[in-house]
1. Going by amide H atoms built from the backbone, whose H comes under 5 Å of the H on GLY367, apart from near neighbours?
2. Compare the peptides 361-372, 230-241, 571-582 by average per-residue count of other Cβ atoms within 10 angstrom and give them in order, highest first.
3. Which order, highest average first, do 212-219, 490-497 follow once you tally other Cβ atoms within 10 Å for each residue and take the mean per peptide?
4. Ranking request for peptides 54-64, 455-465: highest mean number of other beta-carbon atoms within 10 Å first, then the rest in descending order.
5. Just want the ordering: TRP933, TRP1016, from fewest to most Cβ atoms lying within 10 Å of their own Cβ.
6. Report, in whole Å, the centroid distance computed from the Cα atoms of region 516-593 and region 404-455.
7. Straight-line reach from LYS861: which aspartates and glutamates fall under 14 Å, measuring Cα to Cα and dropping same-chain residues less than 8 apart?
8. Gain in length, GLU772 to GLU480, computed as 0.36 nm per residue apart minus the alpha-carbon separation, to one decimal in nm?
Amino acid sequence: MQKHESEGNLADGAQKETVREALLHANIATELDLLLLSADEEAILYPELMDFLLRRAGLDGVWLGHREKDGELVFDAVAGQGMEAYLGSIHIAMDGPLESLGPAAQAWHTGLPQIVEDWVHDPRTQTWQAQGAKAGWLGSVTLPLQGPDGRRDLLALYSREPRFFAQIHNQRLVWHLHAVLSLKLGRVRLLHQLRQQGQSLQMLKAAIEATDVGVTVADARARDFPLVYVNPAFTRITGYTEAQAMGRNCRFLQGGEPPQASMEEVRAALREGRSCSVELRNVRADGSPFWNALSLAPVRDETGAVSHFVGLITDVTERHALEAEHESTQGLYRALLAEEELVLQATDLTDMLQEACVRLTASGLFGAALVGRAGPRGEMDLLAQAGSMGIGEDWYRPNVTGEDAERSLAARVWNSKSLQFSNDYLNEPGYEKYREPMRQAGVRSVAIAPVFRGGYRWAVLGVVSGQVGVFTPAVLELLERVARLVGHGLDAFDLRRRLQQEHRHISWLAEHDPLTGLLNRRGLRLHLEEALSQVDARGGFIAVGILDFDDFKQINDNYGHAAGDALLRTVAARMVEAVRSSDTVARLGGDEIVLVLQGMAAREDLAPMLDRVRKAVAAPVSLPGGERIVHIQASLGITIYPDDSSEPDELLRHADQALYAIKQQPRSFDAPFWRVYQPAIDRDHFNHLRLVRERFAAGGLRVHYQPVVELASGRVVEVEALARLDNGAGQLIPPLDFIHQLGRDGLISLTSAVLNQAVTDALRWQRTLGVELNVAVNVDPVNLASGEALAVVKDTVVVHGFPARRIVLEVLEHSDFLSFASAQDSLAELRAFGCRIALDDIGSAYSSLLRMKELPIDIIKLDQSFIRGLAERPQDLRFVQSLAQLARSLGVDFVAEGAETEDIVEALRALRVPQAQGFGIAMPMPADALGDWLAAWPQRVQSSSRGLLTRIADRLVGLDMDLLIASSRPELLSTLSTSMDPQDCVIGQWLQEAGLGEQHPLVLAHADLHAMFREWLAAGADADGGMIQSALDHFLRAAGDYLRTSGD
């Protein structure tokens, strides 16, 4: 009994334990349901679910995941000790043969839970045995969770307890999870979507409320499509409030506007349930019109039926206004383009202005266009007018200086030089005087712009219109552009006229001498060839003569080059008057005048004609200023065609030879004036010509060299190669007696021979003496301009390997070719090759001093006539000093030629002249003698002699320095040499050494110079610099008088 009672008690205990466990697991399931009911967001649900399964369900590891579109498994939540490490060490394949896949993949594909009661021996977990053993897994369950939203998730449960998932209550929990969690996850996601949609709707509403585009919604199911929604932008655009618009058809926006074709498109879209976009003229609540860009779109319900229409309203009134303005200005744009074409083609000023007005009115924007200009009395003159409006001249012809000027728009524009306009002329105050005639003409708007010509106000351009408000900023800008274009047209017209005049002048210069207006060499040749052709055709005789003034150089030297030029102009004009209109007078250059006397029936006609020419030349000439009258003589060489049946150049050469013959005779007032070319009598001349050419061809050329010295250092920098011709008897012919007999071909041969010899000698001096000297060669302008000189230089450089930079080509400053662009191009080409260009005999032709800066030169060489006479004319030191300063400012070297004495050399050195050349340094000498001279020269560089001329030069430099210091550094006035006692300066010391008394004119002039300088200093800012210049001129004249009489 007791036994039975004991067994019964045990059975009851087991039953009670089973009931307690069942109740416990039932409670767990209930807690799970409550958890799932309380959490509606994944962010809350996932952590709480993981915690519940680990804490209450007794699991050791849990993960929740889903499969992405690329097939990979993604873990949404992971929990449990060692779970993350385990998942990180394995890869779960989701595709392949089903029997080869793990529990997770099989659950995914089959949709059935996969329960692994024995992890170690189950084939489904074979792939991860090692990793599972390390994690301690003994069992697992993978549940596929298919939610109502169509998404499939996987929930995996892991236990380290043996046969955990074989227990019935745990299996029940698993199946319960499978049933309820699928529904819960789907519901959570649906709720999330709904919340997102709600937020989107709120944002959409906020955007609609904030947009500048009007939005309307009309009910398509109600009668007449009433509005059920309008946004704030709708009320801003239309002026209607929401209350005024709701329940009404949108047609109320049409107001009183006439029917519009666009409305038919709107009605059709409403009938057919489709979208459309139109632009309509609508009316605001205040009655003002506006343009509405309407876009209409249907909204369909779940059945596809149209339930509403959404309308978007955009105010495009401003765009329409701009388009209207653009359309109105297109005609003006076309007129502007036409004006440009007109400006380019205009040849007549009046026609251009008239056509401009016509084209402005043709634009359709203006009723009339006018151009006017104020005359000398201030009254506006009408220059051009066009258009259909009859504008009275009174309105456009006010007096711009009169009392009514402010009441006239045209006068206001003229005086202000700026555009002015009125968009309602009849109602604008200030224009009452012209209001009635403007009303009668139909004018409502006016605009007037100034027209400038050459940068100065020249006229006004006005346009009128019969409409109010025509002149928008765009139209006004175009009108100003038209006015500017008319001004450009005037400038272009003026430019074309100036270019035409310049072209005529250039064409004239091509054949005429600019100084005298006579034909030049080119013009002479054309006329001479024509005259010879007429004689050949009709018979008769022509006399060709060359006239040369006797001692013309003295006129230049005594009275200046301006006087010489004036004399040439005067005598040339007289000669033109002395000959007949059929005759020709030309100037070859310098003082050579050519006469071509044609139409002679007999040789005896020549004498009376030449007598008139002689009288014209011999008449006294008044020089500029009228204070001096000079008499001049001339010589004339003549040859007569066809007695001399040569070509034009040869005729001129024969006339020149006749001139040469007559000039060899003693010149006096009763000497013959003219001489006819006679070959038999001019035998000596021909013999000389033959001798020159034969000796040159036979190698009779001799080259002598004259050094050019740098005065500051005494260094020899250059040698000038000078041609001499051996006459075969041991005598040398100077260049002036043979160069012109060589002809053009001979001249280029001479240049080539001299240059090659000079380069050869320079290379020899470099080898034997160790000196590098530049070589200078004179070049004939004709060869230079033709390009032959460049060819010679290039050949020489290539043959000898001589640097082009050491070759100096000297060109005479008075060569006519320097005035031609082609000549300057030739010089530039030579410089580009590396040669240096020297302008020789500067000062012998004053005109080129004014254009030296335009010439491509490197060196200027002052004519020796200015240097040779320095001992007698020390006042020329000032000119030499100025020219040296000019050279420095131009960046070119400066050489003073004609330094004939050591005193002159020392004076030039004291004057800071850079380089010098002349007998005072060395005579021209053969190459061998130059080598000896170079060796001895260093002992002669510095002279111990400082004569009066040198001291004057030194004082000129000191005076300039004193003037500069006095004007810029007043604190140094006490140190100025010119302000000291006259006896203490270098000139005063020399005067004392020379024993000149205190009353000697030179001593007095020197003292006056010092006294005048001190007075100038005392005068301060009010000082007149002319007082010093006057005292200096007086001193230099006194010094010149002394030097001429004393021979110092």
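Rule-based calculations on the coordinates, nothing more; no lab input. What you are looking at is a predicted structure, and each value in this text was computed from that prediction instead of being measured. Neighbour counts are summed over all protein chains in view; Cβ atoms, including those assigned to glycine, are modelled from backbone coordinates with ideal geometry.
1. Here VAL464, SER465, GLY466 satisfy the definition.
2. Details: 361-372: 22.7, 230-241: 18.4, 571-582: 15.7.
Descending mean neighbour count gives 361-372, 230-241, 571-582.
3. Values: 212-219: 17.6, 490-497: 14.9.
Descending packing order for the listed peptides: 212-219, 490-497.
4. Details: 54-64: 19.8, 455-465: 21.7.
Ranked by mean Cβ neighbours within 10 Å, highest first: 455-465, 54-64.
5. Working: TRP933 17, TRP1016 20.
Arranged by neighbour count, lowest to highest, TRP933, TRP1016 become TRP933, TRP1016.
6. 63 Å
7. Within the straight-line limit of under 14 Å, LYS861 reaches these aspartates and glutamates: GLU710, GLU718, GLU720, GLU810, GLU813, ASP840, ASP841, ASP893, GLU897.
8. On the way: separation 292, 0.36 × 292 = 105.12 nm, distance 6.84 nm.
Between GLU772 and GLU480, full extension yields an extra 98.3 nm.
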